[in-house]
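No lab work stands behind these numbers, since they all come straight from the coordinates. Note that this is a predicted model, so its numbers are computed, not measured. Glycine gets a Cβ as well: all are built from the backbone with ideal geometry, and neighbour counts include every protein chain shown.
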């Protein structure tokens, strides 16, 4: 166990060094956040990312990662704000919009997720996340048939994307669960 903790510590320090070498390295930011979580240094990671964002006001990547860390800590409003700022700074970059979609999906906000998903699909049709969030928004709205159609399209376009398979299964099971519940809720006739 101690060896594993030491590995996360070493990884965290290495990813921070990679960010120091290239402040726009998305993989280094992501790795640092993952290693921080594994080494119980998430609060330190959050403070570090906030200081980097303050030092480099135009850095989109640091704001996307800060948004992820804030969302992971349960501070959804601050996470949304950081993602919105990243969208403003990098309007041609899909990652800030995808991060915003991730937050809306996680908190079950179909009202904000649905138009964002449509924007992702229309602006970035070669990326899988917009299609995923479009199907998720339909599922959140309990539009089972539409969600299932969107999930089928999504899985046919991106068959190797595991969340697509999970969403398709969820869309199949949701109406079945509702039907089972309805059958159990019906009063039996004497």
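Look at (1) 36, 21, 15; (2) 26, 20, 18; (3) 53, 17, 12: the one that is semi-axes √(5λ) of the Cα gyration tensor in Å derived from this structure is (1).
Between residue 30 and residue 152, what is the FRET efficiency for a Förster distance of 25 Å, r being their Cβ-Cβ separation, to the nearest 0.05? Between residue 30 and residue 152 the formula returns 0.25.
Computed from Cα atoms, the angle from the helix 144-157 axis to the main principal axis of the chain rounds to 50 degrees. What does a probe at residue 107 reach in the range 72-91, counting residues whose amide N is under 20 Å from the point 7 Å along Cα→Cβ? Only 72-89 fall inside the zone, counting backbone N under 20 Å. Relative to the dominant Cα principal axis of the chain, helix 26-38 is inclined by about 80°. Taking Cα atoms only, the orientation of helix 110-123 departs from the longest principal axis of the chain by about 70 degrees.
The residue 161 and residue 18 beta-carbon pair, evaluated with R₀ = 30 Å, returns a calculated FRET efficiency of approximately 0.70.
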